[in-house]
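Student: Got a structure here, written out as structure tokens. Questions coming.
The values are calculated or read from the model by the stated rules, or taken from the named source; none is laboratory data. Every value quoted in this text rests on a predicted model; they were computed, and no experiment measured them. Neighbour counts are summed over all protein chains in view; Cβ atoms, including those assigned to glycine, are modelled from backbone coordinates with ideal geometry.
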Amino acid sequence: MQALRLARPRLPLRPASRAFAAAASSSQTAAPAAAASAESVVPLSNVEAMWERLSADEQAVVHQQLEELQKRDWKTLTVDEKKAAYYVAFGPHGPRAPVDAPGASTKIVLGVTGLVVAAGAVFYAIRAAAPPPPRTITKEWEEATNERAIEMKINPISGITSEGYSGPGFVTQK
């Protein structure tokens with residue numbers, strides 16, 4: 001089994017993997033040489049401004065370079081290297097990118113306000129065009145219905161004609 005593992009041919013690297021391999025091999029040779037070769041690709045002093053414009057391969061190289069730099073003593077890192085490491089790890093890109101663009105909340109508030117005003121306008125336009133309420137929804141009609149229910153002795157157990165009833169009966173208007 002060991003012989004098979006050793007004899008297995010290696011697959012060629014993809015372009016992105018070559019960038020990782022090149023960055024890893026150059027950083028393993030000498031730390032200053034790695035910093036100089038990677039700085040020629042992307043300077044770490046301004047990673048925040050360029051990160052979105054970098055290709056995926058260049059971002060991978062910067063990420064690999066920062067991983068190698070962080071293996072050293074943190075006291076020897078420059079402020080720019082520390083800023084770059086923090087931005088790459090926790091910056092507003094990738095899954096931490098803002099969902100809404102700046103000023104989008106104002107547009108959302110104005111849009112919702114406009115829709116509420118439009119709905120109110122439609123509601124009052126329909127109410128204005130509606131016919132008047134039926135004549136049976138007046139207080140006088142409901143009081144006449146109470147009198148008629150008493151004459152006919154409707155619901156004598158718990159309703160309007162029961163002993164001690166003190167409810168409004170059929171009157172709902174005030």
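Student: Would you point out which residue out of 78, 138 is within 30 Å of residue 52 (Cα to Cα) and out of contact with any strand residue (DSSP E or B) (no Cβ under 8 Å at 6 or more places or on another chain)? Step through it out loud before you land on a result.
Tutor: Numbers: 138 fails: within 30 Å of residue 52 (Cα to Cα).
Going through 78, 138 in turn, just one is within 30 Å of residue 52 (Cα to Cα) and out of contact with any strand residue (DSSP E or B) (no Cβ under 8 Å at 6 or more places or on another chain): 78.
Student: Can you name the residue in segment 59-97 that is in contact (Cβ under 8 Å) with a residue 24 or more places away in the chain and of a type in the set (Asp, Glu) and is also surrounded by the most Cβ atoms within 10 Å (Cβ to Cβ) among such residues?
Tutor: 81
Student: Let me ask something else about it. Of the residues that make up segment 105-122, is at least one outside the structural domain of residue 45 (by TED's automatic domain parsing) and more than 30 Å from the chain's Cα centre (by Cα)? If you could, list the steps in order and put the result at the bottom.
Tutor: Looking only at segment 105-122, we keep the residues that are outside the structural domain of residue 45 (by TED's automatic domain parsing), and these are 105-122.
From the residues that got through so far, the ones that are more than 30 Å from the chain's Cα centre (by Cα) too are 121-122.
Yes, some residue in segment 105-122 is outside the structural domain of residue 45 (by TED's automatic domain parsing) and more than 30 Å from the chain's Cα centre (by Cα).
Student: Can I ask one more? What are the residues in segment 149-161 that are surrounded by 12 or more Cβ atoms within 10 Å (Cβ to Cβ) and not β-branched (Val, Ile, Thr), if any?
Tutor: From segment 149-161, those surrounded by 12 or more Cβ atoms within 10 Å (Cβ to Cβ) are 149-150, 154-155, 159-161; that's our starting set.
Once the filter is applied, which keeps residues that are surrounded by 12 or more Cβ atoms within 10 Å (Cβ to Cβ) and not β-branched (Val, Ile, Thr), segment 149-161 yields 149, 155, 159.
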